[in-house]
Every structure is written in structure tokens, then in C-alpha cells.
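J.: This is the structure I want to talk about, given as C-alpha cells.
The values are calculated or read from the model by the stated rules, or taken from the named source; none is laboratory data. Please read all numbers here as calculations on a predicted model, not as lab measurements. Neighbour counts are summed over all protein chains in view; Cβ atoms, including those assigned to glycine, are modelled from backbone coordinates with ideal geometry. Accessible surface is based on the protein model in full, side chains and every heavy atom, while ligands, DNA and RNA are left aside. Shrake-Rupley method; radii C 1.70, N 1.55, O 1.52, S 1.80 Å.
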Amino acid sequence: MEHGYHWGAILPDFDQWLRGLVHRFTAEAEPWPMATRFKHGENGASHEATLMGLYYPDEGPLRFLMLIAVDEDESRQMVAIYPFLYSGGQNTAIFEAVEADDDGAFWERIQVGEGRAITAFNPLYAFREMELEAGEYYGYSMAGLAYSLRPAQRHVIEVDEQTLNAVAHDEQDGGMEEAARTLKIPLKGSHFLIRAEESLDDYGLRGVVEEVDWVEVEGIRFAVVQLRVPMQGEHWPPLTIKVYASEYVLKDYMPAVHDEVEGLVWLQAIREAALV
């Protein structure tokens with residue numbers, strides 16, 4: 001699993017800082033209470049190994065998780081290390097399916113609104129205590145690590161009315177003879193969560209800040225900003241997401257309650273029952 005771009009969301013020049021973090025894992029990390037079997041290796045030489053997790057620090061809303069493959073001869077190899085957004089917004093969603101890679105990374109596809117599903121990275125999926133059932137409701141903690149977070153800068157978009165009508169009626173270009181008008185659609189006060197192209201877990205996000213907390217982890221300060229994104233459907237509540245933005249991502253911006261913000265985040269969704 002490659003997570004360099006995720007570490008870059010914490011600290012632009014992260015190499016030396018990350019080496020220090022790995023060193024502290026050897027002395028201070030706690031083992032995750034569960035382990036699992038998985039196939040490990042590449043180029044036709046894959047074999048079964050035990051996947052175990054170590055986490056550090058042992059408390060706080062933002063932690064780090066290291067995955068280690070343990071072979072039959074007790075040799076160990078680090079498979080991945082990544083930010084672990086331990087505390088997120090509380091949500092209920094319907095599990096649909098899971099996608100996985102060969103190194104133990106898992107993404108869950110979950111329904112969060114009427115006709116609306118998202119995929120998000122689950123750092124703890126490998127250590128689940130039970131098999132999930134498609135179509136069942138589960139509680140999820142959802143959080144995003146910000147690649148960018150700033151005050152919303154665009155408050156109006158302009159759309160050609162003829163194009164909009166053609167799309168709405170599935171018409172071909174030139175199907176309308178009347179002159180096109182430009183419609184101005186206000187964005188102020190809007191909320192959205194849109195998946196980035198060719199990504200399973202990166203999303204563009206916009207919303208109004210409800211809560212702001214500040215935490216410091218390994219010498220870096222983070223703003224923890226809570227947003228709610230309304231979902232379609234009478235019985236679907238808004239999606240509650242906590243966004244973790246490092247001081248390096250924020251630059252000089254200090255988020256405050258009622259700010260309208262936009263950004264790009266790495267989305268994690270962890271079943272609340274899996275947290276210890």
C-alpha cells in the first residue's frame with residue numbers, strides 16, 4: 001500500500017518526520033487486539049501470512065496504524081503505515097460490498113442516501129470480528145484527512161440553459177432552436193461530497209463548519225472540523241464528517257464555526273463496533 005500522498009497531507013516534507021514516527025512505533029506502539037490471515041507477496045510468489053496491526057499513540061482522535069506481515073518462520077515485514085482517523089462523525093449506513101488489494105487495503109461501498117453510495121477506506125476492515133451482510137445497517141465513524149481546506153471561494157456557477165435542458169431531456173446538441181440563456185446557480189450555503197475522478201476514497205467536499213477542535217500529534221497541530229452533508233431521501237439524515245486539516249494544509253487559515261469551507265479529503269469509514 002502506497003500512502004506517500006496521505007503523509008504529504010500532514011507534512012509536505014515528511015520523510016525525516018516519518019522515520020522518527022516509525023522509530024517510536026518500535027518502542028511505544030500497542031498491538032491491535034485482532035489479527036488475520038491474508039495472501040502476501042507479488043509476481044506469483046504470494047503466500048499466506050498473518051497480518052497484525054500496531055497503533056500509536058494509544059489515545060487521541062488521530063493515531064497511526066502500522067500493518068505487519070508475520071510469516072510462518074516468524075520473520076516480519078512492514079506492509080503499510082498510514083494515518084488512522086480514530087474519531088469521526090457518527091453515521092448509520094447500509095453496507096453494500098468491499099473492494100480490496102493484494103496488500104490488505106480495504107474499501108467499503110456503503111449506501112448513505114436514497115440512490116447514493118460512496119466508497120471509503122476502512123483501515124480496520126481486515127480485523128473485523130464478523131462477516132458483513134450486504135443490505136444491513138451498520139454504524140460508521142467517518143472522517144477525512146484534508147489535502148486542502150480553505151474558505152469557500154466560488155459562490156456562483158454559470159450554466160448554459162440550452163445545455164442544461166438538453167441534459168435534462170437527453171437531447172442531442174442543437175435540438176433546441178431558441179437562443180440560449182446563461183443561468184446563475186448560487187452555491188452559497190450549499191453542501192456536497194463528490195468523489196474525485198479515478199479514486200475510491202478521495203472526495204471534494206463543501207459545507208458549513210459546525211464544530212472546530214484543535215489537537216496536536218507528534219508536534220503537528222490539526223484543526224478537526226465537523227461538517228454535515230445532506231443526503232437525498234426522506235429517511236436519510238445528513239452525513240456527518242470530521243475533517244482533519246494540518247497546520248501546513250491550512251497555512252494561515254484558522255477555521256471557525258459558521259465558516260463555509262471547501263477542500264479535498266481522503267475519506268475513511270470505520271464501523272464503530274470495531275473501535276476499542
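J.: Need one number: nm distance between label points at R24 and M254, each 7 Å from Cα along Cα→Cβ, rounded to one decimal.
T.: Placing both labels 7 Å along Cα→Cβ, they lie 2.5 nm apart.
J.: Tell me the per residue accessible area of region 3-84 using a 1.4 Å probe; a whole number in Å² is fine.
T.: 53 Å²
J.: Quick one: net charge of Q268's neighbours, Cβ under 13 Å, K/R +1, D/E -1?
T.: My count for the surroundings of Q268 gives -1.
J.: Carbon and sulfur: what percent of region 3-84's accessible surface (1.4 Å probe)? Walk me through the numbers before you get to the answer.
T.: Numbers: 2130 of 4340 Å².
Its accessible area is 49 percent carbon and sulfur atoms.
J.: To continue, here is another question. What distance in nm separates the simple spin-label points at R221 and T92, each placed 7 Å from Cα in the Cβ direction?
T.: Simple spin-label model gives 3.9 nm for this pair.
J.: Name the shape class, rounded, prolate or oblate, that the alpha-carbon gyration tensor gives for region 201-276, where a ≥ b ≥ c are the square roots of its eigenvalues, rounded holds for a/c under 1.5, and otherwise prolate holds if a/b is larger than b/c and oblate otherwise.
T.: Numbers: a/c = 1.97, a/b = 1.33, b/c = 1.49.
Verdict is oblate for region 201-276.
J.: Binning at 5 Å from 0, report for region 3-84 what percent of all alpha-carbon pair distances ends up in each bin.
T.: Going from the shortest bin to the longest, the percentages are 3, 13, 22, 24, 17, 14, 6, 1, 0.
J.: With +1 on each Lys and Arg Cβ and -1 on each Asp and Glu Cβ, and nothing else charged, work out how big the dipole of region 3-84 is about its Cα centre, in Debye to the nearest 20.
T.: 200 debye
J.: Sticking with this structure for a sec: Taking region 208-276, which trypsin sites (Lys or Arg not before Pro) meet the DSSP loop condition and have no more than 14 other C-beta atoms within 10 Å?
T.: Answer by residue number: K251.
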